[in-house]
Amino acid sequence: MKKHSISRQLSMLSIAAGFYLGGCADPPKSSIPPSEPSLGPAPAVSPDTPRLRRLTQTQYRNALSDMFGADLVLPVSLEPDVREEGFQSIGASSTSISPRGVEQYEDAAYDVAEQIAEWPDRLSSWMDCSVDDTITPTCAEALASSLGRRAWRRPLEAAEVARIAEIITLIEADSGDAATGVTYGIAAILMDPRFLYRVELGVEDASGVRTLTALERASRLSFLLWNSIPDEVLLSAAEAGTLATPEGLAAEAERMLDDERSRHGIRTFFTELLQLDLLDSLSKDPLVIPQASPELGPAARAETLAVLESIIFDEDADFRTALTTRQTFIERRLAAIYGVAAPSVDEAAWTELPTDSGRRGILGHASFLMLNAHNSTSSATLRGKFVRERLLCQLMPPPPADVDTSIPEPDASAPTLRDRVAVHLEDPSCAGCHQLMDPIGLGFENFDAIGRWRVSEADAIIDASGELDGV
């Protein structure tokens, strides 16, 4: 990674995080005139009450891989994630574990624990003694202390260490097998709520203000950049007070961004922000769009994530580049949709779109254009809504229950989508919201339901001019 790019990368992360952490206000009125940018006074902030967050499935599996190695056989069946405001990471703070989920986490914990107990090289990272010998209380305490510290993201208290060590020795004595005792001890750590939940509640001072502890700050930083638990270096830095200063925090962030795990963390963040996981199950009408194969959605997701990853980690660029770049990462299916030469290799490859192409940045990607379209037609409303909600953090209310949201079929009097959505803009019950979405989405009308470029619809020339008002 280029060291001189770190500040830009951190700035880009801050901007991206601001898309959903900045707080969504009421939809602005379209009559707001444009004005010169101004910082102005800082808005009042009223933080939410701190809540526990259950690890998402990805975070859970990442944590296991980080503790025990990438060749660990990871659990498949886990409690489903919950999406809130489009984010699983936000939904994690408003969900619990069902009785079935408890069984799944228990099965997963024992499955992982059995693998480690039978894996001397991995087990030796957490304790010095072998399961071929009797596990002494001292050795059991060492396992509980070292693995518990990493899994729970903090040092264990003496009583916690003693409880887990007792499980190990009692089960060993009862079964006559040291490996079984170790299995139960590891499983106890992995089934504990302090592993399954992120406990980042802070400490309240006399004025009622809560501040994250050093170890909670380490956890927050690690899940932001790696989407996983802190490593030993970060935990030690937190305990040493390094994260208490901006300089120390930045130094740790730089170190973590140089780690390969940060690429996975960023991919997860943008997958949630842009809802790219929905591409895996996206379908289009094969009678109208025969090019929409099951492989197209995953290929489109790979393109967008590769471009964003490259901008953040490999280029000296900021977020604006994500909206303007002509560099992209496509395979033959996307090349056909984009109207460019297919890569000379079977897999996806980097290519540069022509200078006269109307396609730029991630909003010209098939991922955005396909997700925000109907089964066989484009949608100015969905595309404008995405820009408002995902990029500008302006939440659009749902339509009234008694309002007909269907768009008329094209005919001679209204051949293009612009003609047909005019109904929404003229109806007082619809115009309040649609005037904030449709004018933005109409700017993408040169792209059809899977992102192919077009200049006409129903033999009528498309007017793809758009407006971005109220920002």
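What pairs come out if I take residues in the range 352-365 that are in a helix (DSSP H, G or I) and pair them with residues that are loosely packed, with under 13 Cβ neighbours inside 10 Å and not basic (Lys, Arg) whose C-beta lies under 7 Å away, six or more apart or interchain?
362/323; 363/323
Would you mind stating whether residue 78 is touching a Gly at 6+ places or on another chain (Cβ under 8 Å) and at pLDDT 90 or above?
So residue 78 fits the description; yes.
Do we have any residue at all in the range 139-148 that's assigned to a loop (DSSP other than H, G, I, E, B) and either among the small types (Gly, Ala, Ser) or closer than 24 Å to residue 71 by Cα (or both)?
The answer is no; no qualifying residue exists.
Hey, residue 128 hits all of (1) within 29 Å of residue 80 (Cα to Cα); (2) at pLDDT below 95 but one; which does it fall short on?
Checking residue 128 against (1) within 29 Å of residue 80 (Cα to Cα); (2) at pLDDT below 95, the one that fails is (1).
For the range 339-349, give me the residue count where each residue is in contact (Cβ under 8 Å) with a residue 40 or more places away in the chain and out of contact with any helix residue (DSSP H, G or I) (no Cβ under 8 Å at 6 or more places or on another chain).
At the first step, the residues of the range 339-349 found to be in contact (Cβ under 8 Å) with a residue 40 or more places away in the chain are 339, 348.
Within this subset, residues satisfying the condition of being out of contact with any helix residue (DSSP H, G or I) (no Cβ under 8 Å at 6 or more places or on another chain) are 339.
So the answer is 1.
Among the helices (runs of 4 or more DSSP H) lying completely within the range 195-273, list those that include at least 2 residues that are outside the structural domain of residue 86 (by TED's automatic domain parsing) and farther than 30 Å from residue 371 by Cβ.
Passing ranges, in order: 214-225, 232-239, 246-257.
Which ones in the range 287-308 are within 18 Å of residue 347 (Cα to Cα) and part of a helix (DSSP H, G or I)?
Residues satisfying the conditions are 296, 297, 298, 299, 300, 301, 302, 303, 304, 305, 306, 307.
List the pairs whose first member sits in the range 62-75 and is at positive phi, whose second member is not polar (S, T, N, Q), and whose Cβ atoms are under 7 Å apart, counting only residues at least 6 apart or on separate chains?
69/122
What residue, among those in the range 412-471 that are exposed (fewer than 14 other Cβ atoms within 10 Å of the Cβ) and assigned to a strand (DSSP E or B), is nearest to the chain's Cα centre (by Cα)?
Among those that are exposed (fewer than 14 other Cβ atoms within 10 Å of the Cβ) and assigned to a strand (DSSP E or B), it is 456.
Within the range 382-405, is even one residue touching a residue at least 60 places away in the same chain (Cβ under 8 Å), in a loop (DSSP other than H, G, I, E, B) and in contact with an Asp or Glu (Cβ under 7 Å, 6 or more places away or on another chain)?
Within the range 382-405, one or more residues are touching a residue at least 60 places away in the same chain (Cβ under 8 Å), in a loop (DSSP other than H, G, I, E, B) and in contact with an Asp or Glu (Cβ under 7 Å, 6 or more places away or on another chain).
For residue 102, work out the one condition from (1) among the aliphatic types (A, V, I, L, M); (2) modelled with pLDDT under 50; (3) assigned to a helix (DSSP H, G or I) it doesn't fulfil.
With respect to (1) among the aliphatic types (A, V, I, L, M); (2) modelled with pLDDT under 50; (3) assigned to a helix (DSSP H, G or I), residue 102 is out only on (2).
If I ask for residues that are assigned to a loop (DSSP other than H, G, I, E, B) and polar (S, T, N, Q), which ones from the range 49-99 would you list? Give the steps one after another, and end with the answer.
Just the residues of the range 49-99 that are assigned to a loop (DSSP other than H, G, I, E, B), to begin with: 49-52, 55-56, 69-83, 85-86, 95-98.
Hits for the range 49-99 are 49, 56, 77, 95, 96, 98.
Being of a type in the set (Val, Ile, Thr) and in contact with a Phe, Trp or Tyr (Cβ under 9 Å, 6 or more places away or on another chain) is the filter here; which residues of the range 195-234 pass it?
199, 229
Among the residues that make up the range 175-183, is at least one of them at pLDDT 95 or above, within 34 Å of the chain's Cα centre (by Cα) and either surrounded by fewer than 20 Cβ atoms within 10 Å (Cβ to Cβ) or assigned by TED's automatic domain parsing to the domain that holds residue 58 (or both)?
There is at least one residue in the range 175-183 that is at pLDDT 95 or above, within 34 Å of the chain's Cα centre (by Cα) and either surrounded by fewer than 20 Cβ atoms within 10 Å (Cβ to Cβ) or assigned by TED's automatic domain parsing to the domain that holds residue 58 (or both).
The values are calculated or read from the model by the stated rules, or taken from the named source; none is laboratory data. On a predicted model such as this, the values are computed, not experimentally measured, just so you know. Positions of Cβ are generated from backbone atoms using ideal geometry, with glycine treated the same way; all protein chains shown enter the neighbour counts.
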